[in-house]
Amino acid sequence: MIATIDADTVIEGDTLEKVCGYFREEDIGAVIVRVRVKNPSNWLEKIIEMEYNMGLGFYLKLLSFLNCLYLTPGQFSIYRKRVLEDLDGFDVNNIVEDTEIAYRMQKKGYRIACCLSAYVYTKVPNNVRSFYYQRRRWYSGTIQTILKHRDVFFNRELGNFGMFFMPVNYGGIIIGTLLFLSTIYLTAQTVYDYIIYYSLINFDIIGSTVNIIQTAEIDPLMISIFYFLGISPFIMNALINFYALRKMGESFRESFFGFICFLFFFIPYNTLWIICAYVVVRNKQIKWRE
Amino acid sequence: MARVDLKTIIQAAILTLAIFVSIYFLNTIMEGKREKTITSRMDEIISDFGEIETTYYLMEYMQEKRELRNNTCQVMRKELEYLEGKLWKLDMKIRDYRQVTKDFMNDEFYIREKAHLNRREIIHFTMLERMKEKCNYRHLIILYFYGECDVNKQCDDQGFVLTYINQQIDPEISIFSFDMDLGLSSVNALAEIYNVTELPCIVVEGKAYCGMHNRAEITDILCRHGNVSICSGEQIINAEST
């Protein structure tokens, strides 16, 4: 077996013990573990901690049940040596080689397992600039990898991975990004309307708000279907995240700040996808470090 | 060849569909309740109008007897103020309904209830005018005409300013809003009487001021026709001199 590990990642003592058992099944090409954030201190690290709990933990475990794992996290993964030889190793020209090799494993029929009880600790960006450059590399690399391996979409031979996960996941990202853009547009339109309204009353926002509070009737019936459609992903996300935290033995109280902020993570997430799509389309070079 | 776990995929699809269907049904139920709330308030107003019409005829009869004029004027004033509050709240509710229902221009319920409301407002307006005449009641009446909402997204922006002013000086003014897109003959007749040439248009004490007006302009207009509490000293002096 060959393990890959980031320079800023630390393995827990019993990780290798827990992982090795998965290789008894001959078709297992790689095993991944849960990636956790080491001592998150600032606001960004706490949000990323929540993201890793879900995205590099709970969701990967769920996907492993359907044999839909689409990456072998670069922070730490273990590969069967003969599988790496069969695949001719990593693509050295790819900036997300951990994702790219997972696609080739799926195409060759190898399975990727996830051991949630084993974990490693890694360092994450603690400022917006490093976060931006990290994600720009990740998402641009992912788009390039998808374009390179676009034959996985609706590929029956790849089972759930080709017929379900790839179309649903990336179709969902595209739809989500379009909805995000339309939300931005509608919000901007509403803000513009209210600027016009308040300009007509000399921007007496406080006076108007006081009047509204004193005279308005709060009527929950006057909530349109769009509010429900907008709020329901928040509610579902919150419920799933809460369940996942409990299942993984995390303290909800300690994760509370990250939990709440993570519900709004779709804002930078969708913004970054749009930027990265532009970067890829414009064929700009994406470096490992900026 | 890897297996497609069809059972799981179908279960996921059914769950997703169930969520969307639940939201749709919840909205349908709430829409029904919204309409019921508006209809029941409208029914209350129609019933109140019966009472007011009776009081009005009584007032007409009592007007002949000078010594009873003050009492009947007081009663009439109280009834009209009470009803005006209800009309205003119902108008707000119908507006909220309009905002929630995106396609309000073709929404039958909105068109029907707004038409009912406009008719009641016209009756209320005529009673107020009569009362002003007979009871020397000093009260500014504003008629607000708006429309062309299919071509002009800002068709009801004037309403925002009038709502703001009404919230400041509610007991001193009465505002009646009329949607010209409904094509009601009574509303069209009213617009013609007061020479409404452009939308939006406000009519204050029989004089039409068409086009969009901001807060300062509307305050100025009101102060020309009456001494309301938001008028500055300068505006009162200007009004008196004209």
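The values are calculated or read from the model by the stated rules, or taken from the named source; none is laboratory data. This one's a predicted model, so the numbers in the text were calculated from it and none came from an experiment. FYI the Cβ positions are ideal-geometry reconstructions off the backbone, even for glycines, and counts take in every protein chain you see.
In table form, for the structure just shown:
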quantity: Neighbours by Cβ (under 6 Å, 6+ apart or cross-chain): first from the range B:70-90, more than 14 Å from chain A (Cβ to nearest Cβ); second among the hydroxyl-bearing types (S, T, Y) and assigned to a helix (DSSP H, G or I); calculated: B:M76/B:T55; B:E79/B:T55
quantity: Some residue of the range B:213-232 being within 14 Å of chain A (Cβ to nearest Cβ), part of a helix (DSSP H, G or I) and without any contact (Cβ under 8 Å) to a residue 12 or more places away in the chain; calculated: yes
quantity: Tally, over the range A:267-290, of residues that are surrounded by 13 or more Cβ atoms within 10 Å (Cβ to Cβ) and at pLDDT below 90; calculated: 1
quantity: Residues located in the range B:158-171, provided they are at the interface with another protein chain (Cβ under 9 Å from one of its Cβ atoms) and over 14 Å from A:S208 (Cβ atoms); calculated: B:Q158, B:D170
quantity: Number of the exception - A:I48 against (1) more than 30 Å from A:F252 (Cα to Cα); (2) touching a residue at least 40 places away in the same chain (Cβ under 8 Å); calculated: (1)
quantity: Qualifying residue in the range B:177-188 (condition: within 14 Å of chain A (Cβ to nearest Cβ) and not in a helix (DSSP H, G or I)); calculated: no
quantity: Subset of the range A:49-65 [crowded, with 19+ Cβ neighbours inside 10 Å and within 14 Å of chain B (Cβ to nearest Cβ)]; calculated: A:L63, A:S64
quantity: Verdict on B:Q154 being outside any helix (DSSP H, G or I) and polar (S, T, N, Q); calculated: yes
quantity: Strands (runs of 3 or more DSSP E) enclosed by the range A:1-48 - at least 3 residues per element that are touching a Phe, Trp or Tyr at 6+ places or on another chain (Cβ under 6 Å) and surrounded by fewer than 15 Cβ atoms within 10 Å (Cβ to Cβ); calculated: none
quantity: Candidate set from the range A:90-115 (those that are part of a loop (DSSP other than H, G, I, E, B) and among the β-branched types (V, I, T)); member that is surrounded by the most Cβ atoms within 10 Å (Cβ to Cβ); calculated: A:V96
quantity: Helices (runs of 4 or more DSSP H) wholly inside the range A:195-282 containing at least 1 residues that are within 14 Å of chain B (Cβ to nearest Cβ); calculated: A:205-215, A:225-247
quantity: Test: residue in the range A:166-187 that is touching a helix residue (DSSP H, G or I) at 6+ places or on another chain (Cβ under 9 Å) and buried (at least 19 other Cβ atoms within 10 Å of the Cβ); calculated: yes
quantity: Residues being over 25 Å from the mean Cα position of the chain (by Cα), part of a loop (DSSP other than H, G, I, E, B) and hydrophobic (A, V, I, L, M, F, W, C) - total across the range A:65-89; calculated: 1
quantity: Selection from the range A:224-247 of residues that are surrounded by fewer than 12 Cβ atoms within 10 Å (Cβ to Cβ) and of a type in the set (A, V, I, L, M, F, W, C); calculated: A:I235, A:M236, A:L239
quantity: Where a residue in the range A:178-203 is free of Cβ contacts under 8 Å to residues at least 60 places away in the same chain and its partner, wherever it lies, is of a type in the set (V, I, T), with Cβ under 7 Å and at least six apart; calculated: A:Y198/A:I205; A:L200/B:V161; A:I201/B:V161
